[in-house]
Amino acid sequence: MIEDTQPPSIALSAHNLHVRRGRGKDAFSLGVDYLDLHAGEVLVILGPNGAGKSTLLRALAGLERSVAKDLIRGGDGPVTLVFQRPAALSGSAEMNVRAALLGKGIPEEVKRQRVTRALDRFDIQALASHDARTLSGGELRRLALARAFVLEPEVLLLDEPFDDLDAEGQRILSLDLQQAIEDTNVAVAMVTHDLRRALLLADRIAVLAPGRLAQHGLRDEVLLRPNTRDIARTVGMTNLASGRVCRQAGGVSWIQIEPGFEVPTTAALNPEQEAWIGIRPEHLKLDVGRGDGESIGKAVVESLISDGLATVATLRVHDRRFTTHLLSGRGLARRLRPGDPVSLAVRPDQVHALPA
Amino acid sequence: MLDPELQTLVEITLRTLWVCGSALLLALLGGVPIGILLGSSQFISRGLLVSSVNAGMGAPPVVVGLIGSILLARSGPLGSWNLLYTPYAMIITSTAIALPLVIGLTLAAVGSLDDEWELQVRTLGIPRHWRIWLLIREIRMGLLAAVIAALGGILSEVGAVNMVGGNIAGETRVLTTAIMMHTSMGEYEIAMSQATVLFGNLLLLAGLLTWLQQSGRKR
């Protein structure tokens, strides 16, 4: 079988996007040199509050007045945005979905099929005749997604689609959404502050710093190789520290963070170079002699916080704190207590390092 | 053959309904689009216009009548139209009284929608005329309130229509001006019967509109 290695087609490409709003101390500007949305892919937009995530979505939807903007469309299908707080039109849920097709010259029979399919897709067929203004927050989100998908969009922009939902609601909605994206090959850009959900859905990640696009690339490229410490924090790389290259051997540089605490990395660094390192919590291991990477030094357990599934262990190394994730209720997570000494280990290829 | 008094009552009642209905229709045709425009757009002089509408909502009808009289008087800027002391002058003046009420209440109805309502509908790619239809549908309760307020304002107004209409028998006499005239002449019985008809009309129309409003709310 010949594997299809064609890159996904670009559905929407933004070049030299520049939005400016307000005056004086309320002034806000957002500049994006380029950003592509690919058919069938999910681009997750992350960034601190006020960085301009929602503004970027609105600009891509053509709802933001831009100083400069060059939006290149891959096709001529609809581009639609589902807002953080979707508005329900007065009337039934079905009427809300049907309203999206107003004035589009679609025959009644086709309209009926599309509305039914959209309601089914988000499992709200039973609510079709209910007054949309009486729906719960979760039901309203499903309705807003059905209203967007009934358009058969080429580009779908989602602003915090899982906001205010409980964990189970988020899980089920993200599965339905994932299925809908697969079925329709729509290009999706999604703003979320929920990193876990973002990581489950994202094919690519864009990170905004206040007013600009700081990094943009494939999911793992951004998660594992953030360009700056701020981006590293935004994408959940919580173990950050600075040090100096103290030795090099076999393509591995050892960075001394504290006396007796040296972290190996395969990143290209010069001897004696000052550098900062970043390790994702899931890559920092407690060394129990199973060969989980190179031993890097000792630490003391400071706290263990479990949500029932994962336990976040905070570990102290002199005045620095590192975190690692353990599986709750099993092995070390069950045995460890605050104050216990532990050894840490990490694989050199999982340590991100950049010159300081 | 009808009793002449009853015939007069029917005649001025029909004229009242014609003048009020025409004024209400004109106020709605002008006021609803202006209210929607003011409520859904941002432009430099918007604040000034909204203040003017608010002032107009509280303007004494007699002042509106005075301005109408000056404008429509033979020597006034619109004197060549020969409208003073005709039902058309009464319609124009009543429209001027009702217009700010319709604009103001439409504006309030649009303002009560979610800030992002218009953007959310726009992002669905719905053509402009359908978006306006959806908006009117969305604010229909507020529009009914505007109709009730405007109708009340027009039906209960007497000073202004008296000034521009002149209360001419068979020409411009309507229920309110007739009631005022008969009361001043001490003919309380006739005034009472006319007041009952006026009040009955008002109750009937207000009741109908309230029923529409309430049934719309339940849906």
Selection from the stretch A:163-198 of residues touching a Gly at 6+ places or on another chain (Cβ under 8 Å) and either surrounded by 15 or more Cβ atoms within 10 Å (Cβ to Cβ) or closer than 15 Å to A:Arg219 by Cβ (or both) yields A:Leu165, A:Gly169, A:Leu173, A:Ile181, A:Val186, A:Ala187, A:Leu195
Can you spot a residue in the stretch B:54-69 that is under 20 Å from B:Leu205 (Cβ atoms) and at pLDDT below 95?
yes
Taking into account only those residues within the stretch A:82-104 that are of a type in the set (A, V, I, L, M, F, W, C) and in a helix (DSSP H, G or I), which is farthest from the other protein chains (Cβ to nearest Cβ)?
A:Ala93
Among the residues of the stretch A:335-344, is any over 20 Å from A:Gly236 (Cβ atoms), touching a helix residue (DSSP H, G or I) at 6+ places or on another chain (Cβ under 8 Å), surrounded by 13 or more Cβ atoms within 10 Å (Cβ to Cβ) and not small (Gly, Ala, Ser)?
no
Failed item, numbered, when A:Arg142 is tested on (1) part of a helix (DSSP H, G or I); (2) more than 24 Å from B:Asp115 (Cα to Cα); (3) touching an Asp or Glu at 6+ places or on another chain (Cβ under 8 Å); (4) open to solvent by 20 Å² or more (accessible area, probe 1.4 Å)
(2)
Restricting attention to the stretch B:72-94, and to residues there that are among the hydroxyl-bearing types (Ser, Thr, Tyr) and either open to solvent by 20 Å² or more (accessible area, probe 1.4 Å) or more than 16 Å from B:Cys20 (Cβ to Cβ) (or both), which single residue is farthest from the other protein chains (Cβ to nearest Cβ)?
B:Ser75
Test each condition in (1) part of a loop (DSSP other than H, G, I, E, B); (2) open to solvent by 30 Å² or more (accessible area, probe 1.4 Å) for A:Leu71 and report the one that comes out false.
(1)
Write out, first by first residue and then by second, each pair whose Cβ atoms fall under 7 Å of each other, whose residues are 6+ apart or on separate chains, and whose first residue, in the stretch B:116-143, is over 18 Å from B:Pro33 (Cβ atoms) and within 7 Å of chain A (Cβ to nearest Cβ) while the second is of a type in the set (S, T, N, Q) and open to solvent by less than 30 Å² (accessible area, probe 1.4 Å).
B:Thr123/A:Thr80; B:Leu124/A:Thr80; B:Gly125/A:Thr80
When you look at A:Lys111, is it open to solvent by 70 Å² or more (accessible area, probe 1.4 Å) and over 28 Å from the mean Cα position of the chain (by Cα), yes or no?
no
Residue pairs within 6 Å by beta carbon, gap of at least six or interchain, first lying in the stretch A:157-184 and more than 22 Å from A:Leu35 (Cα to Cα), second modelled with pLDDT of 95 or more and among the hydrophobic types (A, V, I, L, M, F, W, C), listed first then second, are A:Asp176/A:Phe122; A:Ala180/A:Phe149
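The values are calculated or read from the model by the stated rules, or taken from the named source; none is laboratory data. Here the structure is a predicted model, which is why all the values come from computation and not from measurement. Backbone-built Cβ (ideal geometry, glycine too); neighbour counts: all protein chains shown. Just so you know, the surface numbers come from the protein's heavy atoms only, side chains and all, with ligands and any DNA or RNA stripped out. Shrake-Rupley method; radii C 1.70, N 1.55, O 1.52, S 1.80 Å.
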